[in-house]
Each structure stands twice: as structure tokens, then as C-alpha cells.
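Contents: one structure, followed by commentary.
What follows draws every value from the coordinates through simple rules; no lab data is involved. Fair warning: this is a prediction, and the values are worked out from it, not measured in the lab. Here the Cβ positions follow ideal geometry from the backbone for every residue, glycine too, while neighbour counts run over all protein chains shown.
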Amino acid sequence: MKPAPFTYIRPDTLDEAVTALAQHGADARVLAGGQSLMAMLNLRLVEPKALIDISRLGELRSIRLDGDMIEVGAAVTQAEFLAWPQLKEKAPFIARALPWVGHFQTRNRGTVCGSIAHADPSSELPLSLALLEGEVVLRSKSGTRRLKASEFQTGMLQTARRDDEMVIAVRFPAGVGLKGAAFREVARRHGDFAIVSVGAVSAEKGAVRVGVGGVAEKPACISIGASMSTPDITDRIERLAWELGGHDDIHASARYRRDLVRRMVPTLIGEVRACAK
Amino acid sequence: MREVTTGETVRISLELNGKTVSGNATSRMLLTDFLRSELGQTGTHVGCEHGVCGCCTVRIDGVAARSCLMLAVQADGRRVDTVEGLAASKDALNALQRAFRKHHALQCGFCTAGILMSFSDFLSRNPNPDEDEVREVLGGHICRCTGYDGLMKAIMEAAADMRGKTPSHAGAT
Amino acid sequence: MTNDADINTHSNAKLERDTPDNSAPWVGRSVLRREDAALLMGAGRYADDVATPRGTLYAAIVRSPHAHALIKSMDTSKALALPGVHHVLTGEDIRAISDPFLIVLKKPIDQWALAVERVRYVGEAVAVVIAEDRYIAEDGADLVDVTYDPLPIVINPREAVRPDAPVLHPDAGSNELSVREFTYGEPDKAFAEAHKTVSLEVEYPRSTYTPMECFVVVANYLRGDDSYDVLANFQGPFSIHPVMARSLRVPGTRLRLRIPADSGGSFGIKLSVFPYIVLMSLASRIAGRPVKWVEDRLEHLQAANSGPNRVTKIEAAVTENGRVTALRFDNMEDYGAYLRAPMPGPLYRMHGATTGAYDIRNLAMTNRVVVTNKMPAALVRGFGGPQLYLAVERLMQRVAIELGLDPLDVIRRNLIPAGSFPYRTCAGALYDSGDYQQAIDKATGDGRLDDLLARREKARKEGRMYGIGFATVVEPGMSNMGYLSTINPVEMRERQGPKNGAVSMVKVNVDAVGTVSVTADLTVQGQGHATAISQIVADRLGLTPDDISINLELDTQKDTWSIAAGTYSCRFSPGTAVAAHIAAQRIREKVARIAAKQLNTVADDIDFGGGRVFSKSNPDNGAAFARITGTAHWSPVLMPESDEPGLSETGIWSPPELEPPSSKDEINTSLTYGFVFDMCGVEIDPVTMQVRVDRYVSMHDAGTLINPLLAEGQIHGAFVQGLASALYEEIVYDEAGALQSGTFAEYLVPTACEVPPVELMHIETPSPFTPLGAKGLAEGNCMSTPVCIANAVADALSLKDVPLPVTPQRLNALVCGAEAAPPAGMAAAPSKAGASDAAITGDGSVTVQASPADIWKALLDPESLKHIIPGCHSVSTVTPDHYRAEVSLGVGPIRGRFTANVKLSDLEAERAATLSGDLTGPLGKAQGSGHVTLTPEGEATRIDYTYGVDIGGKVASVGGRMIKRAAQIVIGQFFERLAGIASGGHDGNPDTADASGKSGSWISRLLGGKK
């Protein structure tokens, strides 16, 4: 379990990083925290010709409030974000979901952006970004663009990132879920990838926005209006379960995943509604 | 910009347990292999090389991390602390090490170094943890021998000991 | 460091004698471990830490992605051309210079250190690349090009014994290698007279207590004397040493095996390093250099070792009040692809103790040994016990349920009466001591069974799923080396001569300055044996444990050892510990004679204590231990006449109770028999269906505890492993033989977060058969905990059949019944039915603005196929209907290079075709077929497809979470591209194969078609 050979590049500036990426394109992978990428390299599931290490780029190490958005740079670790003093106040949902990402030891190096760029269907951070309707900031030599969460993740491990682009930040709307936020995850062991994860936040006009990870190829979100009756909610969740479909793996059948959606989602909606009152 | 091409061998320097040391590495050499083979620090163990078991946990600039998920070249110029730096001699074990011994928190000892390094970071940042917090951090390690019972007791006691709430007895003469 | 503060007085096992009184014996006290300081400082000396000889090369192993296949060809040229690669060994190379491993059964099921001609399980070693470092060796391994002819496979043992099953070892004629029937007492009569027969079928799954340290071998072929010097973390039994030497074609003395000072756990598993000891020895011989191999976790989880899975049909003949008068077993044990020595040990290790804790005099048993296309089974802690007790203790619960009795009453009613020990079971075990009633009374009393019952009642009133389970286990310690010969019929045993015993050896030396040192015939795995031995020897010599120096490295050329050597079957306390006691006692007696002469008294008057040797009658008449013992080195002239100079004694222990099997197949399988009684309450989470252990009580009687702290450490460890077997760990193969539990993300070892507290209790009924009264105790909970939890789950949910491990998805299926149909207008998820019996199946359809003729043309044209096949670099035509392609496939960042064979058949021009083929590459292999039909729809054509794919090799074992979706994505691409090409020359963008999620939209965009 040793990586295949590659050229290691550690740029000193973001411009150098983007230039290196432009040069190597699809043959390069960007290394930030490495908590997914390094394991895949060791397993030789990924064999890039070049590895561009952005973990030391000071330009990417900041968490800042930009208007009503929280912008998290690509070198910010999950542990640093979790320790951000304003997290509970500005992003109560993330404060709940982030402790479920991996373990203490992996959060210490794993980055917020790296998890989103990796686009694992079972990860908590892509679900958070989708649920909160955040954005991903991509940089290439030709400039910077922002994609909505729904535009960015296109499938399992797949994103709209072009080969010459790198994620330099993600942006979460601040203040979402202040009236109620809930997160629950079912995994075989604590810290494992979710079989099903469900997030819910209070939205405008008393609605509850619900996101589900782990079941479909990417997180899926629905909105439950304030006036929706219990039978209608049940019906909506049943439809959601079938829309997501699910898949079989050794830890969970598609059917078990759908059953978890049926049993978990109503509870979380209830919790958020209770908070909102 | 630092570039290490395929097949090239470069000199890596780092501050290991307070001393500056150096060794040779290729671009793809894992930090675990560098510590063990190049620097002779065999106290850091290799258990899975995919980031799950926690045997290889060391501290990078003070922060506990899996050394199998890091390249040697990434550690260049950084501070790396390993289990070898925890005690100067067997008579000078630290509070965590003493508590491990007292509570039989290790058997084969293979996972032990990683757990010690995780908690030397964690307890320095969270001196007063409750059992659930300790269990969650311990959950980032696999121990096959002990069943975790002695580990939980040892870590809770060491935390209290380090806070100075209870005087240290374990291992003292 | 051993002084009062070094006694742990917080142990639950605190006993009366656990006092800080230095005059009290050290045995029985919780002395802290002498092993710890080095391990806590990172100063352990594990196999991978030890210095290697100069010039050592490093090995990587090429492994089979196939569960069953013929090796058609092997091309090593690309690997050999890689700078840094020195040699590549193949099965044909080693066949010329080695022999297959000897096995227990006289059956033609040859296994070499590398696969020869045929592979029989995923992960079987097929070649070794030897290079300057491990990184380059792995590069080389990826370049070894092996082609296989896949063969039919069989995974389930029930299917393996059918007459039409594919046979793994054709020369053996059948996958059922041995069937033996045993009868004790009059079982048929008992069943005929029974009030009722209660029956059950249980299946114990495959799991492994994978140690944190993997296998390590450093082999050095010494040309000077044609011998092999090997360092490896082998655990024993050393009965395997002759097996290795025979395979290497050398006498045992020319295979020097050295075991390092520390080992990162074993739990039985590190027996299975032995084929690699031979393999790396051969590699060193061929390379002409020392060769080191360190197994990685992927290799370990796919090929190291598994416990055997066992299907047991069990029946009890019972009286009206729940007394069991007879048991009948049909055991079918699945050993995987080969029967490695000492298999089929697990099927026979418990033989004498088959009736467990119960006084049952009639027993019938059929034992079947079966092979299937899975990794070979071998030693795993518990070794036959978990499999046996799952059947027996689940059945006892069924007896209670079917008779309307209390399960604990049924257990009590059948227990061997107190006061009847030593007790001879009907199958020949001689239970040394015990008081099962007392143990259960104490466990249910102090362990508060009433509290458990109240918790259950309260939970059930509130509609929660709560159950209580019990389990009793008789835990064997130190196996009789002759037990395995029970597998042979009496006549064969008589021809071969008796096999029995379990020889233990320990050597105690006293040097010229009175320092005591000890070596022993065990292998270190972390149990703390050095600490325990130091206590035993200190007691004999009036010293403290710290005065005793202990080296537990083992060297087969320099140490005393027998075939029983090693650490396994709980042989330490009943075996090696006794040999240490005997050796120290011999030293004591000799020193007493030396002292008597110098102190002008008789040896019987000599006592030891406080580092002195003195006269009992006049304690002032004495001298320092060092002074007296120095005589043996410095002053032979002062030695008593009967004694030779020097002070070195070997203690040899072979208890007489370990007799060979009798002519009636009665066998005392072990020397000591401890007792475990467990009870627990579990609750099933109604949302997740996860089993939560609410309370767990475990009572042990292991005779005298040498060191309660170490004893409890063993019990805690075994408990969590038992819990793992009950709820988490499983080695999973799919229907096509692909291993799916290849990483620690798939093979779920519990962490601290999954482990409930356990309440431990002890009673002590010392064994009369061992001088220390101690019994084995480290395996009990591996045997009791899986079935105790299974019984509790059965109680919670009123289940008869409880599948192990009891995973949430399994309970969900059992509890929730059939799923309701989807709401109107919504499609059900694709079902496996119909298309194929492959592991991954699916179907789809694409509508294209093209005629069937155009599509047909695209399908038959190699140039078009190049664009249709995802990630295709080149296509060559083998025959008109058979193409070979080089492709890069993957999803997201995961990408691998494969060679693909695509065949077209069942061609119905412009209407239908079957595409079948396979893929192989370093990431794994796939085999599959798809059926395509073309239906004109106006100017367009609808392409309908169904497919079935089996994926194996690395990608299946490490990517289980994503593999099915990834396969669906890639297959979807193929047909979408087919549509693309057919509708007018769209280039399928052959260099990227990750369109997938987007493909629905891009195909619509490009083709104007609709999906």
C-alpha cells in the first residue's frame, strides 16, 4: 500500500498553484488535508502524475465573514472551522454536523473544502453545503467563478470543477438555521461514512428545509412548508425515499436506507419545528 | 515553489521531538516510512495505511494526525512529535503513560503510541473532558487487545492527574 | 519498579491475597507489567523494527483477483524491466525447489507457497516481486501481467457439497474432504424415548480478530550450509515448523526460525504467516539476498486468515421439564480453499467438551470438512468454541421456549452437578474442577438479574424492543496435541501410533552473580507473560519479580521447544506457567542442597525469602541468594557430591491427563476447563435497528488467577472480540466470490464508541491437574458473548433464527417485513430478479435519433467501439466477433487501466445482440454480459439493455461502498455512447470516463434524444 510515483509540487502562492494546475490539468490532484486523497493514493486507486500541495498556502487559511456569507479557505481544516468562535452563532447547523466528520485525528488535517471537492455521497460537509445552499469558489488561470452547491456536485465523487480549476473556498450563508437546526446520522460505527445522514434547518415562512445524504449519488434537499399536514409530510417523505432510491452495499441495503429516511426525516422536521416555536 | 520530481531524492529536515534532524525522501515516501526507516523512530507503528486504525498518529506542529496520510516532503520544516519524545527514561513516564500502565491500558502495545499522541494533543487543548468526549477521540483508534476498558480509565485518570486535582501515585516509588 | 505501588488494587478481580504484603506470594497479585515501560516509550522491538542484514531486498506479492481460475500465462518482463526490480518469482519457479505443505488429512489438496496452475480464492499469492524497496516492488507488482481462465466458483458450503458443485481440488474428487460420525452413549434410544425433540440450524459467520501488526518475514538463505535463517512474527504452534522445513526440502535444523521480542497482537492469526516464511525463504534463495516482506492491511484482510464458518444442525432430546437427554449434531465446517495445518482443528478442538456445561450422556455427531473458494481458514481466538456454543446455547434457549420454561431454569436443570469433578464427559473430556451452580448464583445475584428483568419489563411496557440472553461456556485450556487425530478412524490411528500430550518447556538460569534469567517456549503477543513468569519464579526463589530477567524471544536453533510451543489454545496458565514453576523449583532444590552444605544443615531445612537463602530452624544462619548460587559457578569444589556445577534447569511439563483418543473416540481435548456464565440485556433501536447492549455481566471461573489484572485484561479483550462477532465483524464475499471487506472501512472492528461496559466477576475453583491451580481464560468470551447477545436479540424480537453478525440491515429486514410498493407513478428500485445471477445487475433504455441499422453498424465496427467503450485507448480485433481493448475506467478521481475483451454473440441483425466480456487490471477485474434489443420508434430507435456484472479484485474489496454505483455509471456510459455514435458520429471522448451523473443531460444535449 504505497503510492505510485508522482511529482510533488508545493507552490508558495495561489498563483503558482493555479499555474501548476493549468500545466498538469487532469494529470494533477490538489492535496490539501489529504484525509481522503492520501488513502486513495496508498491504495493506488488514484495515480496522478502530479500532486499540488496547497496545505501551506496562507492565502487559503482564513475563515471570514463576507457580508452574509461565511467564506472558508481551502487550507482551513475541519478542526479549525469547528473551533471558529462564531460557528455556533453564524452556522448552527454546521456546528452540529461537523463533529460527525471523521474523527478528531482526521479533522485535525482534513479540510472543509477538500471534503466538498471530494464529493463523497455520504459525507457531512457536501450535505451541509447543499442544505444551506452555499457556494463553491473555483479558481483557474482564466479567473474565478462561483458555483451553487447544486451546480457543483454532479454525482458520486463528481463535480463541475474543470481540470484546470481548484476549489479555493466554500461559502455558507450565515445565520441559516438560527431558529432551528438538527442533524442526525446513522453509521455502523462512530466516525464511519454515513449510511444515511439527515439535516434540517428552519427556512423562511416557517418552512423546514431537509437534506439527505448517503442514499443517492449526491445530497438531496426538499422543503416542508409550514402549513403542510402530517399526512402530506408522510407522503412527501415516502416519495423522497423512492426518489433517492438508494443502493445496496455490504453495510446497508437500499431498502434499509429508504427505511431510515422514513424514520429519521419526520423526527428532524419535528425537532426543527419545535425549536422554531 | 518546491518541486520534487518522480524518482528524485531530496533532503528533508524537521524538528523531531525538539531536535532538528534530516533524512532522504522521495516525493511519494509516506511520513510513517520516513520516520521509521530514515530516522529510525520505530515507535510510530503502521497499522492500516488508509487512515482508519490510528496506530501511526503523531503530532504535526502540535496537532495529532495520521502519519500514513502524510508525505515525508510535507513534513519538511515542520515540528513532528512522536512517542519517543514523551519520556526520557522508564523512570520518567508522563502522567498518561503512568496511567496506561496502572490500568493495563495496553497489551501488545502496537496501537499504544498513536493513542498516546492523540491524547497528548487532545488533553492539552481539553484539559477537563467528560467520558463521552474521551470516548469519541479514542474512537479514532483501533485497539484489538484491551477492549478499551483500561484505556478509558487511564485517560480519565491522567486528565485529572494533569489538571492537578488528584496527586500522582501511579508508578511512583 | 515492582513494589507496593506497582500492584493495581483497583481491579474488579481484587482478591483477598491482593495485599501489599511483600511476604505474600507474588502469584495471585495484580503486579503491573514489566513489558509496559518499553512499549509506552516507543521502544518496543517488533518484527518490522529489527535491523535487517545489509543488502536486504523487499518483496511485494501479486495476488489473484479471481476466486477460481486457471493461470493461463504470466508475463513478468515488464516488471523485470523496471529499474530497481531484481526478481519476479512465479509458481513454476517455486515448484521446482519446494514441496506442497503437509496437511492433516491424507488428501491430494496441494498448496504451495505460490499458486501453481490454479488459483482458488481472491487474494491467493501468484507471484512475488523483489525490489530495492517496497515502493518499487509494488510498482513491479502492478506490471506483472497474469491472464486467467475463470472457473465456476462455490462460496456457500451447503452448495459446495452438492454433486454438481465445481470441485476445487479435482484429485480429491469432492469438496467434502472428510465426514466422520461419532456416537457416545445411546443417542438414538434417548431420542426415541424423548418427550420432545427440539431442533435448530445455526450458521457461524466468517470473521478474524485481525491484529494491529500485520505479518512480517525477513528471510535469509545461507549458501554456506544450504539453510534458512528467518525472523518472523510467527505465533506457533511449532508443530508447523516441520511443515515449513518439509516444504523447503531441508531438515528442521536448517530452518532457523527466530521470533522477535514483541509482537503486535495475534489472536491465533499469526500462525498463518507460515506460508510466507516458506515463500520469502525461497525468494531469498532465488534472489541471493535477504528478503523482507511486510504484509499490508489489504493483503491481511483478503488473505491472511479467517475463522471457519460453520453450519450446524442441532437437535436435543428433552424431557417434559426441560432435561436434555441427548444431543445430535451435524456440523459442516467451511475451511475455504485449502486445508492448512493444523486444520480442521476448530472442528475437533472442543470435541470432548461438545456437551458444554451440561450433564448429557448421549451424543451423536457428524463432522464434515468442506472447501470453498474463500481464503483458507486457520487459527482465530476461540477456535471452534464460538461455533459450538452458538449451536448449544441457542438450542438451550429454544428448549425453554418450546417447553414454555424459563431459559435459566433449563440451564440450571442440565448443569453438571457441583461435587462431581473431576467429571468425565460422554465424549471423553475430563473436566478438572468447577462449581457451575455457585458461579451462576453469584452472577445472577451480585450481577442483579432482577434488575435486568425489571428493565425488560419496563421497556416492554413502553413498547421498546428489549431482550435478555444467557450463555454458559466450558472454556478449554491447553489443547491435547492428539485431539486432531480423532479425525482419523481408529484403525488408522492404531497404524500411526498414539498422538497426545502438550509438552511445555521453560529454562531458568542463575548466573555467576546470582541473576536469574528465564527463557520459555511461548511467543509474545501482548498478554504479559513475562510479568506472570516473573511472579512464578520469584515465589520459588524468594526474590521479587524485578529480580528475574526474562527473554521471550524464541530461536529454534538455540532454545528448547517442542511441537506444542507457541502461544495459543490458552496454554500459558496450564502449560508454560507450570513449566516455569517446575524449572524454578528445580533451581530451588539444587540451591537448597548447595546451601545446606554451606550452612551445615539439610536441604529440607532450607528456605528462601527476601533475597536470602537460610535455615528454617535458624533464620540467622543464611546467606544472600547471590552468594549461595555463585558457588555453582565459582567454586565447583563446594558443590554437593550429587550435583554438577552450574545452575541451569529446564522445566518440562506434560500432564498425564492428556491421553490419546480411545478406541471409542473418547478424547480429553484439553487439560483445564474453566467456566463462563454470561447474561446481558439488549435493546434494539427502533430507528436504526442497531443492537445496543444495555448491561453485560460475565462470570468467570478460571481456577487460580496468577495475576488478576492480566486476567481481566484478557477477558475485556475477548469480550470485545465476541461483541464484534455478534454485531460488527464479518468477512463478506459476494455471489461471484469477490471479497468485499478488504479495508478497515468495510471490515468493522469496534472502537471505544461501540463498546458497552462489562461487569466482570470471578470465582476460583483451582484446577487439581496443574500445580498452580490456574486454568486458561483468554478465549471464553469469544465463545460466550456472540451467543449471549444472539439469545438476547432472539428474546427481544421472538426470533428463532438470529443471523450473525446481527447487523442493523438484517434486523431491519426481519422486523419490518416487506416494503410497501412505491407511490403511484414512482418506479421501484431495480430488483435483481431476471437479468442475471451476477452480483451487480441492472437495466436501462436510451432513445436515439438513429435507425436500428446505424446502431447495428456502430456495434459491429471496431472503430466505433473504440469510441463507445468508456475510456478506450485502442481496440484490436481478435476474431470478427471478439475485440480486445485497452481502457481507462473510473469514477471521479479513481481511475485504472484495464485490458478488456469484448465478445458479441446471439446476433440477430438490427434487432438484438449479447455483449459479454471481461476486464482485468491492477485495480481488479470484472466479468459481465449484457443483452441489447433495438426497437424502432418512428425515426428513432429505443435501445433497451439489461446487464449483469461481477466485479472482483482490489476495487471490489476496498470500494464496496461505491462499487455498484460506479459500475452502473460506467455501463450507462457505454450504452449512451453507443447511442451517440449511432446517431451520427459523436466522439465519445475516449480519454475521460467520468461523464456519468451528467451523462443523462449531455446525451440529451448532444443527441436531442430523451432518456
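Points to keep in mind about this one:
- Pairs from the list C:Lys374/C:Lys925; C:Lys72/C:Lys107; C:Lys78/C:Lys925; C:Lys189/C:Lys800 with a Cα-Cα gap above 24 Å: C:Lys72/C:Lys107; C:Lys189/C:Lys800.
- With a cut-off of 12 Å between beta carbons, the residues surrounding C:Leu904 carry a summed charge of -3, where Lys and Arg count +1 and Asp and Glu -1.
- Cα gyration tensor category, rounded, prolate or oblate, for region A:14-156 with a/c compared to 1.5: prolate
- With contacts taken as Cα pairs under 8 Å and at least 6 residues apart, chain B reaches a relative contact order of 21 percent.
- Computed over region A:181-276, relative contact order equals 29 percent, with contacts defined as Cα pairs under 8 Å that lie 6+ residues apart.
- Magnitude of the charge dipole for region A:181-276, about its Cα centre and with charges confined to Cβ atoms of Lys, Arg (+1) and Asp, Glu (-1), is about 120 debye.
- Order of C:Ile401, C:Ile971, C:Ile536, C:Ile269 - criterion: other Cβ atoms within 10 Å of each residue's Cβ, fewest first: C:Ile401, C:Ile971, C:Ile269, C:Ile536
- Averaged over A:253-263, number of beta-carbon atoms from partner chains that fall within 10 Å: 6
- Enclosed volume per residue, in Å³, of the convex hull spanned by Cα atoms of chain C: 191 Å³
- Taking the alpha carbon gyration tensor of the protein assembly as shown, multiplying each eigenvalue by 5 and rooting it gives semi-axes of 53, 36, 34 Å, largest first.
- Average beta-carbon neighbours from other chains, 10 Å sphere, peptide B:1-11: 5
- The magnitude of the dipole of the protein assembly as shown, with charges of +1 and -1 set on the Cβ of Lys/Arg and Asp/Glu and taken from the Cα centre, is near 1240 debye.
- Exceedance of the 29 Å cut-off in Cα-Cα distance is limited, within the set C:Lys270/C:Lys499; A:Lys179/C:Lys458; C:Lys866/C:Lys954; B:Lys102/C:Lys590; A:Lys49/C:Lys903; A:Lys141/C:Lys866, to A:Lys179/C:Lys458; B:Lys102/C:Lys590; A:Lys49/C:Lys903; A:Lys141/C:Lys866.
- In this entry, chain A is assigned a mean projected area of 14.2 nm², taken as a quarter of its C-alpha convex hull surface.
- In order along region C:285-299, the phi-based Karplus estimate (6.51 cos²θ - 1.76 cosθ + 1.60, θ = phi - 60°) of 3J(HN,Hα) comes to 5, 6, 6, x, 9, x, 10, 10, 9, 10, 5, 9, 5, 5, 4 Hz; Gly and Pro are listed as x.
- As a rough footprinting exposure proxy, the listed residues A:Arg107, C:Arg586 were ranked by other beta carbons within 10 Å of their own, and the order from fewest upward is C:Arg586, A:Arg107.
- Number of partner chain Cβ atoms within 10 Å, mean per residue of C:119-125: 0
- Listed residue (B:Gly139, B:Ala95, B:Thr44) projecting farthest to the positive dipole end of chain B, Cβ model: B:Ala95
- Distant-in-sequence amide H partners of C:Asp694 (H built 1.01 Å from N, under 5 Å): C:Gly681, C:Val682, C:Glu683
- When only alpha carbons are used to place a centre, region A:7-48 and region C:287-338 end up 45 Å from one another.
- Working note: 222 nm ellipticity from helices only, DSSP H runs with n ≥ 4, each -39,500 (n - 2.57), summed and divided by the residues of chain C, gives -8000 deg cm²/dmol to the nearest 500.
- Stokes-Einstein diffusion coefficient of region C:516-665, Kirkwood radius over Cα pairs, 25 °C, 0.890 mPa s, in µm²/s: 146 µm²/s
- Computed over neighbours whose Cβ is under 15 Å from that of B:Ser124, the net charge equals -1, Lys and Arg +1, Asp and Glu -1.
- Point-charge dipole on Cβ atoms (K/R +1, D/E -1) for chain C, about Cα centre, debye to 20: 500 debye
- Among A:Phe93, A:Leu132, A:Ser62 the positive-end extreme of the charge dipole of region A:36-149 (Cβ point charges): A:Ser62
- Candidates C:Pro108, C:Ala838, C:Val198 compared by Cα position along the dipole of the protein assembly as shown: farthest toward the positive end lies C:Ala838, with charges placed on Cβ.
- Distance histogram in 5 Å bins (all Cα pairs of region B:9-85, percent per bin): 3, 18, 32, 29, 14, 3
- Equivalent-ellipsoid semi-axes for region B:90-163 (Cα gyration tensor, √(5λ), whole Å, largest first): 17, 15, 11.
- Estimated translational diffusion coefficient (Stokes-Einstein, Kirkwood radius over Cα pairs, 25 °C, 0.890 mPa s) of region C:752-791: 192 µm² per second.
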